[in-house]
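The values are calculated or read from the model by the stated rules, or taken from the named source; none is laboratory data. Here the structure is a predicted model, which is why all the values come from computation and not from measurement. Heads up, the Cβs are rebuilt from the backbone with ideal geometry, glycines too, and the neighbour counts pull from every protein chain shown.
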Amino acid sequence: MFSNLPPVTKALLIANGLVFLLQLALGESAFYPFMLWPPGAESDPYAGYGFMPWQVLTYGFLHGNFPHLLFNMLTLLMFGAQIEHVWGQRRYLSYYLVCVVGAALCQLAVGYWNMSQGGQAYPTLGASGGIFGLLLAYGMLFPNQRVMLLIPPIPMKARTLVIIYGVVELLLGITGQQPGVAHFAHLGGMLFGWLLIRYWRGQPPFGKPKPPRPRIVR
C-alpha cells in the first residue's frame, strides 16, 4: 500500500518519520531552535530557546513521542492520500503548509497571551495543525463519506466527524481540561484550511461564487 501512495503524502510520511528518528538519536535539546516558541520566550529563564521565524514551519515536522507521531501519520495516511488524488500535488502541498503555518500563528497568539498573564513559555511541536486542516478538507470534499472512529469504533459521516472534532477542541481549549495539548493550534489549522478552500472557490469573504452557466435546451 505504501508504494501506491501519492508522492506528497509519501514524502510527508517519510520526512516526519526520519525527523523523529533524529530526535531520538540527538535528543530533544538539539531541536529547540526548530520548535515553536512563543514571542518573548527568550526572557523566560526556564525556556530552552526563543521565537524565530522559521519555527512556524519546522515545528510541524517534530513530535513529542511515538503515539503523537503515530496518530498524526495514520490520519495523514487515511485522509491526506485521498485529498491529494483530488487536488493534485501542488495544491495539496500548498494547502497542508498553509494549515501548518496558520496553526502556528494562532498558537503564537495564545502563547503571547499566556506569557502576558505570567505563564511560562512552552514550545509547540507536531504536525497536528496540518492534520486537522486535512480533516476539515476531507469533510468539505466528501461530506457524506462514511468514516469509522478508532476509539470508540463508531461510523459517521465525514462532515459529522469534523464538527465533533472542532467542538471538542474548542471546549478543551477554553476550559483547559487537557493541558499540554495545543488545541488552538488545531483549530487554527482548520480555520486557515477553511479560509483557503473558500478563497479557491471564490466564496465569501473573498468574493461571490460565479453563477452556474445556463443550460441550452435544444
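Considering only segment 81-93, how many residues are exposed (fewer than 14 other Cβ atoms within 10 Å of the Cβ), free of Cβ contacts under 8 Å to residues at least 40 places away in the same chain and at negative phi?
The qualifying residues number 1.
I want to confirm something. Restricting to segment 132-143 and keeping residues that are among the aliphatic types (A, V, I, L, M) and over 12 Å from Leu191 (Cα atoms), which single residue is surrounded by the most Cβ atoms within 10 Å (Cβ to Cβ)?
Top of the filtered list is Met140.
Those residues that are within 30 Å of Gly88 (Cα to Cα) and outside any helix (DSSP H, G or I), I need them from segment 1-47; list them, please.
Of everything in segment 1-47, those that are within 30 Å of Gly88 (Cα to Cα) and outside any helix (DSSP H, G or I) turn out to be Met1, Leu5, Pro6, Met35, Leu36.
For the condition modelled with pLDDT under 85 and either surrounded by fewer than 19 Cβ atoms within 10 Å (Cβ to Cβ) or in a helix (DSSP H, G or I) (or both), what is the one hit in Ile163, Ile174, Ile197?
Ile174 is the lone residue from the list that is modelled with pLDDT under 85 and either surrounded by fewer than 19 Cβ atoms within 10 Å (Cβ to Cβ) or in a helix (DSSP H, G or I) (or both).
Results for (1) farther than 30 Å from Ala158 by Cβ; (2) in contact with a Gly (Cβ under 7 Å, 6 or more places away or on another chain); (3) surrounded by fewer than 20 Cβ atoms within 10 Å (Cβ to Cβ), shown as yes or no for each residue.
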site	(1), (2), (3)
Tyr32	yes, yes, yes
Met52	yes, no, yes
Asn65	no, no, yes
Phe79	no, no, no
Tyr96	no, yes, no
